[in-house]
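One structure below.
Computed from the coordinates by the stated procedures, all read-outs in this text should not be read as laboratory data. Everything quoted here is computed from the prediction, not taken from an experiment. Here the Cβ positions follow ideal geometry from the backbone for every residue, glycine too, while neighbour counts run over all protein chains shown.
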Amino acid sequence: MTQLADFGVYIHWPFCQKKCPYCDFNSHVRDTFDHDRVGAAMITELTTMADQFDMRGRTVHSVFFGGGTPSLMPPEIAGQICTAIKTVFHPADDMEITLEANPTSVEADKLAAFRDCGINRLSMGIQSLNDAHLAFLGRQHSAKEALKALDKARHVFDRVSTDFIYTLPDQTTAEWLAELDTILGLGCDHLSLYQLTLEEGTAFYSMAKRGLMQMPADEISLDMFTRTQHRCQSAGLNAYEISNHAKTGEESRHNLTYWRAGDWIGAGPGAVGRVWQAHGRTETRCRKHPDGWLDDVTKNGAGIAEQNHETRIEYAAEAVMMGLRLREGFDIAAIEHKAGARQTWLDEHAVSLYCEQGLLHLNDDILTLTDHGKTVMNTLIGQILI
């Protein structure tokens, strides 16, 4: 049986020094703003949500500071938020607290201050070790600066994850594999390796629509993906999720909450949360613009712009889509317990067919992708959901 999802808290710090051309996250470039007011509002909001959704006192297993660029946050603000979370909720003994960081905002003293306030895991967005690619991606650091920042981080934190992007325009398979070998040679315990996608609303999306950039052909992207999986596995990093590779025990506990369709509260401008209640699961979406969000929190205690009640079928669809991304797959019976009879959301005939074709594997109600199935995951999801 697959593991049950833990409960987490997500804090969205939306401020950046520069908007990257591939990023569709809620981020805002600001020279000045009131850090203290934003931090206090985040504490107010997560407290309000804990009471509203009857989550106060629940054991929290992970906290994730995302963005934006949370490493731009004053460490004392992060410390105040961590203290509030430990007061409002019951912290697990091994609670994971992750902070996203950019190589340009990780001075050694500041990293130590983050560690001292409770952060115990750092996720660093390096994105490439090729200076030309870094410039194309709009990053403000060089490969040399990134490696120096990573070395600083690893001297401060026992757990450091790094993010990289591949399948860039004109990037060859040989070029990426050479870079990947360098990355693997760094000895990191966790890697997030994402293929570049063109998200609507980004600068890259607009450029592609105007014919100013062209992505690699599907067969090249597939070859890169397959070879990446094999190289990471050979280096002792398991693909516990389709784009995330880790040594055993170093998996991102917070992200597993998402992929296992668990509960989390999301606070901050643009933050999303999902919590299970008696009637089903509720999704919250906070107002995106920081100023409007601050006004809403001041007036109402929270900046929730949307509150949607998922149907049980909607919950099942997300649990399947997320669960298949995991090496462990998902437990059909566990989803059935919350979403109702499997016949209402799962096409068992299609599942049997794809198992026969070697794309899916079913064992004791646990459904997983095979290596071949990973290459056509999105198609399979569309076929097995009713």
Convex hull of segment 313-384 built on C-alpha atoms - directionally averaged projected area, nm²: 4.1
Most positive-pole-ward Cα, Cys188, Ser142, Gly358, against dipole of the chain from beta carbon charges: Ser142
Residue-averaged [θ]222 nm for the chain, counting only DSSP H segments that reach four residues, each worth -39500 (n - 2.57): -12000 deg cm²/dmol
13 Å beta-carbon shell around His28, net charge (K/R +1, D/E -1): +3
For segment 186-195, 3J(HN,Hα) per residue [Karplus equation, 6.51 cos²θ - 1.76 cosθ + 1.60, θ = phi - 60°, Hz, x = Gly/Pro]: 6, x, 5, 8, 8, 10, 10, 10, 10, 6
Positive dipole terminus of the chain, leading residue within Ser128, Ser105, His61 (C-beta point charges): Ser105
Cβ-based net charge around Gln17, under 12 Å, with every Lys or Arg adding one and every Asp or Glu removing one: +3
Calculated from backbone phi, Karplus (6.51, -1.76, 1.60) coupling profile of segment 265-275 in Hz, x at Gly/Pro: 9, x, 10, x, x, x, 5, 10, x, 9, 9
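For Asp51 and Ser206 in the same chain, what is the full-extension length gain: residue separation times 0.36 nm, less their Cα-Cα distance, in nm? Don't skip to the end; give the middle numbers.
Numbers: separation 155, 0.36 × 155 = 55.80 nm, distance 4.22 nm.
Difference between extended and current length: 51.6 nm.
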Summed side-chain charge close to Leu186 - residues other than Leu186 whose Cβ falls under 15 Å, Lys, Arg +1, Asp, Glu -1: 0
Above-threshold pairs, the threshold being 21 Å between Cα atoms, out of Lys288/Lys338; Lys110/Lys152; Lys18/Lys86; Lys18/Lys299; Lys86/Lys338: Lys288/Lys338; Lys18/Lys86; Lys18/Lys299; Lys86/Lys338
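Arrange the peptides 253-259, 25-31, 167-173 so that the one whose residues have, on average, the most other Cβ atoms within 10 Å appears first. Each step should come with its number before you reach the end.
On the way: 253-259: 21.6, 25-31: 14.7, 167-173: 17.1.
Final packing ranking: 253-259, 167-173, 25-31.
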Selection from Tyr315, Ala92, Leu369, by position along the positive dipole direction of the chain (Cβ): Ala92
Partner aspartates and glutamates for Lys247 [C-alpha distance under 12 Å; skip if fewer than 8 residues away on the same chain]: Asp189
Alpha carbon Rg of the chain, scaled by the compact-globule rule 2.2 N^0.38 Å: 0.99
